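Please read the structure below before turning to the comments.
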Amino acid sequence: ASCTDDVRVFEGHWFGRLDLPRVTVIDTPGFLDSEGRDPQHIAQLVDFFAAFPNRQLATVVITLPLTETRAKST
């Protein structure tokens, strides 16, 4: 079952330590949504990142559980 419906932004310090740099984590809806909402999610992601400040995005991390089956065949 899908968990994230909208783009969510979380800000804080790396590992919660005030002596370490601030980081922003962007949680996005996943691909191959269990409810078939990929076109809406992709449009939302394009809009979100198009409005993101230039040169502010340093790293993108994509995670998939090794036991996940929704993306296995594609």
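Data table
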| read-out | value |
| --- | --- |
| So LEU45, is it over 13 Å from ASP6 (Cα atoms), touching a Ser or Thr at 6+ places or on another chain (Cβ under 9 Å) and surrounded by 13 or more Cβ atoms within 10 Å (Cβ to Cβ) | no |
| Within the range 1-42, considering residues that are assigned to a loop (DSSP other than H, G, I, E, B) and β-branched (Val, Ile, Thr), the one surrounded by the fewest Cβ atoms within 10 Å (Cβ to Cβ) | THR4 |
| Filtered residue count, the range 21-36, keeping only those that are under 18 Å from ILE62 (Cα atoms) and at pLDDT 80 or above | 7 |
| Flag for ARG37 being touching a helix residue (DSSP H, G or I) at 6+ places or on another chain (Cβ under 9 Å) and charged (D, E, K, R) | no |
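The values are calculated or read from the model by the stated rules, or taken from the named source; none is laboratory data. Everything numeric here is computed off the predicted structure, so don't read it as measured data. Every residue, glycine as well, gets a Cβ built from its backbone with ideal geometry; the counts of neighbours run over all protein chains shown.
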